[in-house]
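The values are calculated or read from the model by the stated rules, or taken from the named source; none is laboratory data. Small disclaimer: the values here were computed from a predicted structure and weren't measured. Methodologically, a virtual Cβ is constructed for each residue, glycine included, from the backbone with ideal geometry; neighbour enumeration extends over all protein chains shown. Side chains included, ligands, DNA and RNA excluded: accessible areas come from the protein's heavy atoms. Shrake-Rupley method; radii C 1.70, N 1.55, O 1.52, S 1.80 Å.
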Amino acid sequence: MDLDIAWVRAQFPAFEQPTLQGQAFFENAGGSYTCRQVIDRLHRYYLERKVQPYAPYGAAQLAGAEMDEARTRLAAMLGVKTAELSFGPSTTQNTYVLAQAVRRWIKPDQHIIVTNQDHEANSGPWRRLAEDGIAIREWQIDPATGALDPAVLAQMLDADTALVVFPHCSNVVGAINDVAAITRLAHDAGARVCVDGVSYAPHGLPDVGVLGCDVYLFSAYKTYGPHQGIMVIRADWGMELPNQGHHFNADALYKRFTPAGPDHAQVAASAGMADYFDALAAHHGGSAGAQGARLAHDLMRAHEVTLLQPLLDYVSGKNAVRLIGPADAMERAPTVALALESNAEEAAAALAPLGIMAGGGDFYAGRPLQACGVDLAKGVLRVSFVHYTTGAEVDALITALDQVM
(Lines give C-alpha, C1' and ligand atoms only; values in the text may rest on other atoms or scores of the structure.)
Protein backbone atom coordinates (compact mmCIF):
# COMPACT_ATOMS: atom_id res chain seq x y z
CA MET A 1 0.00 0.00 0.00
CA ASP A 2 1.30 3.45 -0.94
CA LEU A 3 1.23 6.34 1.51
CA ASP A 4 -1.64 8.74 0.79
CA ILE A 5 0.52 11.85 0.65
CA ALA A 6 -2.42 14.21 0.09
CA TRP A 7 -4.08 12.95 3.28
CA VAL A 8 -0.79 13.21 5.18
CA ARG A 9 -0.14 16.81 4.18
CA ALA A 10 -3.70 17.73 5.16
CA GLN A 11 -2.74 16.82 8.75
CA PHE A 12 -0.05 19.53 8.86
CA PRO A 13 -1.32 23.14 8.99
CA ALA A 14 2.06 24.45 7.84
CA PHE A 15 1.23 23.40 4.29
CA GLU A 16 -1.82 25.67 4.35
CA GLN A 17 0.06 28.81 5.38
CA PRO A 18 0.45 31.51 2.71
CA THR A 19 3.96 32.42 3.90
CA LEU A 20 5.16 28.86 3.25
CA GLN A 21 3.67 28.42 -0.20
CA GLY A 22 6.27 27.62 -2.82
CA GLN A 23 8.76 26.60 -0.14
CA ALA A 24 10.03 23.02 0.07
CA PHE A 25 11.14 22.15 3.59
CA PHE A 26 14.39 20.19 3.65
CA GLU A 27 15.63 20.90 7.15
CA ASN A 28 13.43 18.39 8.97
CA ALA A 29 16.40 16.87 10.82
CA GLY A 30 16.48 20.09 12.83
CA GLY A 31 12.78 19.93 13.64
CA SER A 32 9.66 18.80 11.81
CA TYR A 33 6.39 20.56 11.15
CA THR A 34 3.82 19.91 13.88
CA CYS A 35 0.74 17.86 13.13
CA ARG A 36 -2.73 19.32 13.58
CA GLN A 37 -3.61 16.87 16.36
CA VAL A 38 -0.79 18.17 18.57
CA ILE A 39 -1.62 21.81 17.84
CA ASP A 40 -5.28 21.23 18.68
CA ARG A 41 -4.44 19.54 21.99
CA LEU A 42 -1.96 22.24 22.97
CA HIS A 43 -4.47 24.97 22.14
CA ARG A 44 -7.22 23.23 24.10
CA TYR A 45 -4.94 22.72 27.11
CA TYR A 46 -4.02 26.40 27.32
CA LEU A 47 -7.65 27.42 26.87
CA GLU A 48 -9.36 24.93 29.17
CA ARG A 49 -6.85 23.06 31.35
CA LYS A 50 -4.01 25.43 32.27
CA VAL A 51 -4.27 24.55 35.96
CA GLN A 52 -2.31 22.39 38.35
CA PRO A 53 -2.96 18.84 37.09
CA TYR A 54 -4.29 16.02 39.28
CA ALA A 55 -6.04 18.35 41.76
CA PRO A 56 -9.56 17.24 42.81
CA TYR A 57 -11.50 19.63 40.54
CA GLY A 58 -12.66 18.98 37.01
CA ALA A 59 -10.17 20.96 34.92
CA ALA A 60 -7.26 19.55 36.90
CA GLN A 61 -8.50 16.00 36.49
CA LEU A 62 -8.79 16.48 32.72
CA ALA A 63 -5.29 18.00 32.62
CA GLY A 64 -3.74 15.09 34.50
CA ALA A 65 -5.65 12.50 32.49
CA GLU A 66 -4.35 13.95 29.24
CA MET A 67 -0.76 13.87 30.50
CA ASP A 68 -1.24 10.23 31.52
CA GLU A 69 -2.79 9.49 28.14
CA ALA A 70 0.29 10.77 26.33
CA ARG A 71 2.61 8.48 28.28
CA THR A 72 0.31 5.46 28.08
CA ARG A 73 -0.35 5.62 24.35
CA LEU A 74 3.18 6.51 23.25
CA ALA A 75 4.68 3.81 25.47
CA ALA A 76 2.36 1.23 23.91
CA MET A 77 3.40 2.35 20.43
CA LEU A 78 7.05 1.99 21.43
CA GLY A 79 6.46 -1.49 22.84
CA VAL A 80 7.32 -0.65 26.47
CA LYS A 81 5.53 -0.25 29.79
CA THR A 82 3.88 3.08 30.54
CA ALA A 83 6.13 3.68 33.56
CA GLU A 84 9.20 3.26 31.35
CA LEU A 85 8.48 6.40 29.33
CA SER A 86 9.28 9.85 30.68
CA PHE A 87 9.33 13.40 29.34
CA GLY A 88 11.97 16.10 29.79
CA PRO A 89 12.67 19.54 28.36
CA SER A 90 14.87 18.09 25.59
CA THR A 91 16.83 15.00 24.66
CA THR A 92 20.03 16.87 25.48
CA GLN A 93 18.75 17.47 29.01
CA ASN A 94 17.49 13.90 29.38
CA THR A 95 20.89 12.56 28.34
CA TYR A 96 22.69 14.87 30.74
CA VAL A 97 20.51 13.81 33.69
CA LEU A 98 20.98 10.14 32.79
CA ALA A 99 24.74 10.62 32.63
CA GLN A 100 24.73 12.10 36.13
CA ALA A 101 22.93 9.01 37.40
CA VAL A 102 25.46 6.75 35.69
CA ARG A 103 28.30 8.78 37.20
CA ARG A 104 27.19 7.63 40.65
CA TRP A 105 26.32 4.08 39.52
CA ILE A 106 29.41 3.01 37.60
CA LYS A 107 32.17 1.10 39.43
CA PRO A 108 35.73 2.51 39.59
CA ASP A 109 37.25 -0.11 37.26
CA GLN A 110 34.51 0.10 34.63
CA HIS A 111 34.35 2.13 31.42
CA ILE A 112 31.86 3.54 28.92
CA ILE A 113 32.05 3.10 25.15
CA VAL A 114 30.87 6.02 22.99
CA THR A 115 31.15 6.59 19.25
CA ASN A 116 32.40 9.40 17.05
CA GLN A 117 29.30 8.98 14.85
CA ASP A 118 27.10 10.77 17.39
CA HIS A 119 25.52 14.17 17.52
CA GLU A 120 27.28 16.03 20.34
CA ALA A 121 24.20 15.99 22.57
CA ASN A 122 24.44 12.21 22.90
CA SER A 123 28.22 12.09 23.12
CA GLY A 124 29.24 15.14 25.16
CA PRO A 125 27.50 14.29 28.47
CA TRP A 126 29.21 10.89 28.54
CA ARG A 127 32.61 12.21 27.49
CA ARG A 128 32.51 14.82 30.26
CA LEU A 129 32.38 12.00 32.82
CA ALA A 130 36.10 11.60 32.11
CA GLU A 131 36.56 14.70 34.29
CA ASP A 132 35.47 12.50 37.21
CA GLY A 133 37.98 9.82 36.31
CA ILE A 134 35.57 7.55 34.42
CA ALA A 135 37.27 5.83 31.49
CA ILE A 136 35.72 6.65 28.11
CA ARG A 137 36.58 4.57 25.06
CA GLU A 138 35.65 5.52 21.50
CA TRP A 139 34.16 3.16 18.94
CA GLN A 140 35.29 4.86 15.75
CA ILE A 141 33.64 5.04 12.35
CA ASP A 142 35.19 4.03 9.06
CA PRO A 143 36.51 7.38 7.68
CA ALA A 144 35.60 6.39 4.12
CA THR A 145 31.99 5.39 4.77
CA GLY A 146 31.08 6.89 8.14
CA ALA A 147 29.83 3.46 9.23
CA LEU A 148 30.21 1.75 12.60
CA ASP A 149 31.51 -1.82 12.40
CA PRO A 150 30.03 -4.11 15.10
CA ALA A 151 33.10 -6.35 14.75
CA VAL A 152 35.21 -3.48 16.07
CA LEU A 153 32.87 -3.09 19.03
CA ALA A 154 33.10 -6.81 19.75
CA GLN A 155 36.86 -6.45 20.16
CA MET A 156 36.40 -3.48 22.51
CA LEU A 157 33.87 -5.12 24.83
CA ASP A 158 35.08 -6.81 27.99
CA ALA A 159 33.88 -7.62 31.49
CA ASP A 160 34.56 -4.02 32.60
CA THR A 161 32.34 -2.39 29.96
CA ALA A 162 29.49 -0.80 31.89
CA LEU A 163 27.66 1.00 29.10
CA VAL A 164 27.64 1.30 25.31
CA VAL A 165 26.22 4.52 23.84
CA PHE A 166 25.52 4.90 20.11
CA PRO A 167 22.98 6.41 17.69
CA HIS A 168 20.21 4.54 15.92
CA CYS A 169 21.01 6.85 13.05
CA SER A 170 23.56 9.68 12.76
CA ASN A 171 22.31 13.18 11.95
CA VAL A 172 24.93 13.56 9.20
CA VAL A 173 26.01 10.05 8.19
CA GLY A 174 22.41 8.86 7.92
CA ALA A 175 23.30 5.15 8.14
CA ILE A 176 20.81 3.08 10.15
CA ASN A 177 22.62 1.01 12.75
CA ASP A 178 21.35 -2.45 13.66
CA VAL A 179 20.29 -1.59 17.21
CA ALA A 180 19.01 -5.05 18.08
CA ALA A 181 22.21 -6.81 16.98
CA ILE A 182 24.51 -4.28 18.68
CA THR A 183 22.41 -4.47 21.85
CA ARG A 184 22.69 -8.25 21.95
CA LEU A 185 26.44 -7.97 21.53
CA ALA A 186 26.73 -5.50 24.42
CA HIS A 187 24.32 -7.39 26.68
CA ASP A 188 26.23 -10.62 26.12
CA ALA A 189 29.27 -8.82 27.52
CA GLY A 190 27.26 -7.63 30.53
CA ALA A 191 26.99 -3.99 29.43
CA ARG A 192 23.97 -1.71 29.38
CA VAL A 193 22.94 0.08 26.16
CA CYS A 194 21.80 3.66 25.54
CA VAL A 195 20.57 4.57 22.04
CA ASP A 196 20.09 8.06 20.62
CA GLY A 197 17.02 7.75 18.39
CA VAL A 198 16.62 11.46 17.61
CA SER A 199 17.49 11.09 13.93
CA TYR A 200 15.57 7.84 13.41
CA ALA A 201 12.23 8.22 15.24
CA PRO A 202 10.85 10.88 12.82
CA HIS A 203 10.91 8.20 10.13
CA GLY A 204 8.68 5.84 12.11
CA LEU A 205 8.44 5.02 15.79
CA PRO A 206 10.61 1.97 16.54
CA ASP A 207 9.52 -1.01 18.61
CA VAL A 208 11.92 -0.38 21.50
CA GLY A 209 10.77 -3.57 23.18
CA VAL A 210 12.02 -5.58 20.22
CA LEU A 211 15.24 -3.56 19.92
CA GLY A 212 16.06 -4.56 23.49
CA CYS A 213 18.16 -1.54 24.48
CA ASP A 214 18.07 -0.24 28.06
CA VAL A 215 17.51 3.39 27.09
CA TYR A 216 16.08 4.95 23.93
CA LEU A 217 15.91 8.72 23.53
CA PHE A 218 14.27 10.94 20.92
CA SER A 219 12.79 14.40 20.47
CA ALA A 220 9.07 15.04 20.09
CA TYR A 221 9.65 18.30 18.20
CA LYS A 222 11.38 16.33 15.45
CA THR A 223 8.58 13.75 15.50
CA TYR A 224 5.65 16.07 14.68
CA GLY A 225 5.06 17.07 18.31
CA PRO A 226 5.89 19.79 20.86
CA HIS A 227 9.34 20.68 22.17
CA GLN A 228 9.88 17.78 24.54
CA GLY A 229 12.50 15.10 24.96
CA ILE A 230 11.14 11.56 25.30
CA MET A 231 13.13 8.86 27.07
CA VAL A 232 12.42 5.18 27.43
CA ILE A 233 14.36 3.59 30.27
CA ARG A 234 13.69 -0.03 31.06
CA ALA A 235 12.51 -0.66 34.61
CA ASP A 236 15.24 -3.01 35.79
CA TRP A 237 18.04 -0.52 35.12
CA GLY A 238 16.00 2.60 35.79
CA MET A 239 15.25 1.52 39.36
CA GLU A 240 18.85 0.45 39.88
CA LEU A 241 20.28 3.85 38.93
CA PRO A 242 20.34 6.59 41.60
CA ASN A 243 17.24 8.75 41.69
CA GLN A 244 17.74 12.17 40.07
CA GLY A 245 14.31 13.56 40.91
CA HIS A 246 12.68 14.73 44.13
CA HIS A 247 13.22 12.25 46.96
CA PHE A 248 9.49 11.69 47.31
CA ASN A 249 9.31 10.58 43.66
CA ALA A 250 11.98 7.90 44.02
CA ASP A 251 9.51 5.06 43.61
CA ALA A 252 8.04 6.41 40.36
CA LEU A 253 10.23 5.36 37.44
CA TYR A 254 8.90 8.01 35.07
CA LYS A 255 9.76 10.75 37.59
CA ARG A 256 13.22 9.55 38.66
CA PHE A 257 15.04 11.29 35.79
CA THR A 258 13.12 14.57 35.64
CA PRO A 259 14.60 16.77 38.39
CA ALA A 260 12.54 19.71 37.12
CA GLY A 261 8.75 19.56 36.99
CA PRO A 262 7.24 18.54 33.64
CA ASP A 263 5.84 21.02 31.14
CA HIS A 264 2.22 20.01 31.70
CA ALA A 265 0.81 21.45 28.49
CA GLN A 266 3.47 20.02 26.20
CA VAL A 267 3.32 16.59 27.80
CA ALA A 268 -0.47 16.57 27.37
CA ALA A 269 -0.16 17.77 23.77
CA SER A 270 2.17 14.86 23.02
CA ALA A 271 -0.91 12.64 23.01
CA GLY A 272 -1.58 14.32 19.68
CA MET A 273 1.40 12.43 18.27
CA ALA A 274 -0.39 9.20 19.13
CA ASP A 275 -3.59 10.62 17.59
CA TYR A 276 -1.70 11.27 14.37
CA PHE A 277 -0.08 7.83 14.12
CA ASP A 278 -3.41 6.17 14.91
CA ALA A 279 -5.18 8.26 12.27
CA LEU A 280 -2.50 7.53 9.68
CA ALA A 281 -2.81 3.81 10.33
CA ALA A 282 -6.62 3.90 10.27
CA HIS A 283 -6.67 5.82 6.99
CA HIS A 284 -4.56 3.07 5.44
CA GLY A 285 -6.70 0.24 6.79
CA GLY A 286 -4.80 -0.47 9.99
CA SER A 287 -5.66 -0.56 13.68
CA ALA A 288 -4.73 1.73 16.54
CA GLY A 289 -1.93 1.39 19.08
CA ALA A 290 1.19 -0.71 18.64
CA GLN A 291 0.05 -2.43 15.43
CA GLY A 292 -0.92 0.90 13.92
CA ALA A 293 2.46 2.36 14.85
CA ARG A 294 4.21 -0.49 13.02
CA LEU A 295 2.06 0.10 9.93
CA ALA A 296 2.74 3.84 10.08
CA HIS A 297 6.47 3.14 10.38
CA ASP A 298 6.47 0.88 7.33
CA LEU A 299 4.40 3.27 5.22
CA MET A 300 6.60 6.21 6.13
CA ARG A 301 9.85 4.36 5.47
CA ALA A 302 8.67 2.96 2.13
CA HIS A 303 7.62 6.42 0.92
CA GLU A 304 10.89 7.98 2.05
CA VAL A 305 13.05 5.28 0.45
CA THR A 306 11.25 5.75 -2.88
CA LEU A 307 11.89 9.50 -2.82
CA LEU A 308 15.43 9.24 -1.45
CA GLN A 309 17.06 6.96 -4.00
CA PRO A 310 16.86 9.41 -6.96
CA LEU A 311 18.43 12.11 -4.79
CA LEU A 312 21.25 9.79 -3.73
CA ASP A 313 21.83 8.73 -7.34
CA TYR A 314 21.98 12.37 -8.40
CA VAL A 315 24.50 13.53 -5.81
CA SER A 316 26.58 10.36 -6.18
CA GLY A 317 27.08 11.26 -9.84
CA LYS A 318 28.48 14.70 -9.06
CA ASN A 319 32.28 14.92 -8.99
CA ALA A 320 32.22 18.14 -6.99
CA VAL A 321 30.07 16.62 -4.24
CA ARG A 322 30.88 14.02 -1.61
CA LEU A 323 27.93 12.17 -0.16
CA ILE A 324 28.46 11.33 3.50
CA GLY A 325 27.13 7.87 4.32
CA PRO A 326 25.45 5.15 2.23
CA ALA A 327 24.29 5.65 -1.34
CA ASP A 328 21.59 2.99 -0.90
CA ALA A 329 18.30 4.45 0.39
CA MET A 330 17.45 1.18 2.12
CA GLU A 331 20.46 1.58 4.41
CA ARG A 332 19.87 5.11 5.61
CA ALA A 333 17.41 7.77 6.67
CA PRO A 334 16.63 10.67 4.31
CA THR A 335 19.08 12.95 6.11
CA VAL A 336 21.66 13.68 3.44
CA ALA A 337 24.90 15.55 4.22
CA LEU A 338 26.92 16.79 1.25
CA ALA A 339 30.51 18.00 1.40
CA LEU A 340 30.95 20.62 -1.32
CA GLU A 341 33.94 22.44 -2.75
CA SER A 342 32.28 25.68 -1.60
CA ASN A 343 31.08 26.84 1.80
CA ALA A 344 27.95 24.90 2.78
CA GLU A 345 26.19 27.77 4.54
CA GLU A 346 26.62 29.89 1.43
CA ALA A 347 25.17 27.05 -0.66
CA ALA A 348 22.15 26.84 1.67
CA ALA A 349 21.66 30.60 1.34
CA ALA A 350 21.78 30.26 -2.46
CA LEU A 351 19.06 27.60 -2.32
CA ALA A 352 16.67 29.79 -0.33
CA PRO A 353 15.60 32.07 -3.23
CA LEU A 354 14.92 28.92 -5.23
CA GLY A 355 12.32 27.81 -2.70
CA ILE A 356 14.48 25.24 -0.90
CA MET A 357 14.73 25.47 2.88
CA ALA A 358 17.96 23.71 3.88
CA GLY A 359 20.93 24.29 6.16
CA GLY A 360 24.70 24.32 6.12
CA GLY A 361 27.27 23.86 8.89
CA ASP A 362 28.39 21.07 11.20
CA PHE A 363 25.01 20.43 12.92
CA TYR A 364 26.69 19.64 16.26
CA ALA A 365 28.30 16.70 14.48
CA GLY A 366 31.87 17.90 14.34
CA ARG A 367 33.30 14.57 15.46
CA PRO A 368 31.88 12.38 12.65
CA LEU A 369 32.49 15.05 10.02
CA GLN A 370 36.12 15.48 11.07
CA ALA A 371 36.56 11.71 11.17
CA CYS A 372 35.29 11.59 7.58
CA GLY A 373 37.80 14.26 6.56
CA VAL A 374 35.31 17.10 6.10
CA ASP A 375 36.66 20.63 6.42
CA LEU A 376 34.59 22.05 9.29
CA ALA A 377 35.25 25.58 8.05
CA LYS A 378 33.18 24.67 4.98
CA GLY A 379 30.82 22.26 6.75
CA VAL A 380 28.22 20.23 4.89
CA LEU A 381 25.03 21.09 3.11
CA ARG A 382 22.33 19.02 4.78
CA VAL A 383 19.03 18.27 3.07
CA SER A 384 16.63 16.22 5.16
CA PHE A 385 13.05 15.20 4.61
CA VAL A 386 10.32 13.03 6.12
CA HIS A 387 7.19 11.24 4.97
CA TYR A 388 5.18 14.39 4.22
CA THR A 389 7.66 15.39 1.52
CA THR A 390 6.50 14.89 -2.06
CA GLY A 391 8.28 13.59 -5.12
CA ALA A 392 7.75 16.98 -6.76
CA GLU A 393 9.61 18.65 -3.89
CA VAL A 394 12.54 16.26 -4.29
CA ASP A 395 12.56 17.03 -8.01
CA ALA A 396 12.61 20.75 -7.18
CA LEU A 397 15.51 20.15 -4.80
CA ILE A 398 17.53 18.36 -7.47
CA THR A 399 16.84 21.15 -9.97
CA ALA A 400 17.89 23.77 -7.42
CA LEU A 401 21.04 21.84 -6.50
CA ASP A 402 21.95 21.70 -10.18
CA GLN A 403 21.81 25.50 -10.34
CA VAL A 404 23.71 26.10 -7.10
CA MET A 405 26.43 23.50 -7.67
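Some notes on this structure:
- Sequence-separation-based contact order of the chain, relative, with Cα cut under 8 Å and 6+ spacing, percent: 24 percent
- Mean shadow area of the range 165-220 over all directions, Cα convex hull, nm²: 3.6 nm²
- Space enclosed by the convex hull of the alpha-carbon atoms of the range 1-137, per residue, Å³: 213 Å³
- Computed 3J(HN,Hα) for the range 20-28, one whole-Hz value per residue from the Karplus formula 6.51 cos²θ - 1.76 cosθ + 1.60 where θ = phi - 60°, is 9, 5, x, 10, 9, 8, 10, 10, 5, glycine and proline marked x.
- Cα-only Debye scattering, the range 196-264: base-10 log of I(q)/I(0) at q = 0.16, 0.19 Å⁻¹: -0.62, -0.83
- Of the beta bridges in the chain, as assigned by DSSP with both residues counted there, near 50 percent are antiparallel.
- Applied to the range 97-109, the Karplus parametrisation 6.51 cos²θ - 1.76 cosθ + 1.60 on θ = phi - 60° returns per-residue 3J(HN,Hα) values of 4, 4, 4, 5, 5, 5, 4, 8, 8, 5, 7, x, 8 Hz, with x for Gly and Pro.
- Measure of compaction for the range 159-281 (Cα Rg per 2.2 N^0.38 Å): 1.13
- Cα convex hull volume per residue for the range 284-405 (Å³): 117 Å³
- Length gained when the stretch Val210-Ala180 is fully extended (0.36 nm per residue, less Cα-Cα span): 10.1 nm
- Accessible area per residue, Å², the range 89-173 with all protein chains present, probe 1.4 Å: 39 Å²
- Antiparallel DSSP beta bridges within the range 165-275, percent to nearest 5: 50 percent
- Coupling constants for the range 334-342 follow from the phi torsions by the Karplus curve (6.51 cos²θ - 1.76 cosθ + 1.60, θ = phi - 60°), and in residue order they are x, 10, 10, 9, 10, 8, 10, 6, 9 Hz; glycine and proline get x.
- The amide H of Arg137, built 1.01 Å from its N in the peptide plane, has Ile112, Ile113, Val114 as neighbours under 5 Å, considering only residues 5 or more places off or on other chains.
- Debye intensity ratio I(q)/I(0), log10, the chain, q values 0.09, 0.10 Å⁻¹ (C-alpha model): -0.54, -0.67
- Label point at Glu346 placed 7 Å out along Cα→Cβ; residues across the range 318-333 whose backbone nitrogen lies under 17 Å: 320-322
- Rounded to 0.05, the FRET efficiency of the His43 and Thr390 pair, given R0 = 22 Å and the Cβ-Cβ distance, is 0.20.
- Ile141 contributes an accessible area of around 10 Å² to the protein surface, as traced by a 1.4 Å probe with all chains present.
- With every protein chain in place, the chain: carbon and sulfur % of accessible area (1.4 Å): 52 percent
- Note on Glu341: accessible area is roughly 130 Å² with a 1.4 Å probe, heavy atoms of protein only.
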